[in-house]
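Asks: I have a structure I would like to understand better, so I am pasting it below and will then ask my questions one at a time.
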């Protein structure tokens, strides 16, 4: 099987963006970051039927969890601790 490095590199860059986006929307949840990264990589793994796509996602998620190093830089754990329990004030839209 021939693999086009340009497709893989572009896919990894898009996956990184989508993972960062998912993390920002889910309070820096590592699970949401891993899931978004794996979901974006599914087309690289292949599959056309629902069962093949699910198998590709499962494989991608397993690969992400075992091979990827995900560092959450901001917000730090300390910033969550500092803001815990504080009431928000202001206008909610």
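Asks: Under the classification rounded if a/c is under 1.5, otherwise prolate if a/b is larger than b/c and oblate if not, where does the stretch 31-82 fall, given a ≥ b ≥ c as square roots of the Cα gyration tensor eigenvalues?
Replies: Taking the square roots of the gyration eigenvalues as a ≥ b ≥ c, the stretch 31-82 is prolate.
Asks: Here is a further query. Could you please rank 76, 40, placing first whichever residue has the fewest other Cβ atoms within 10 Å of its Cβ?
Replies: 76, 40
Throughout, read-outs are computed from the coordinates displayed, never taken from laboratory work. Treat the numbers as computed from the prediction; the structure is a model and nothing was measured. Every residue, glycine among them, receives a Cβ derived from its backbone with ideal geometry; neighbour counts consider all protein chains shown.
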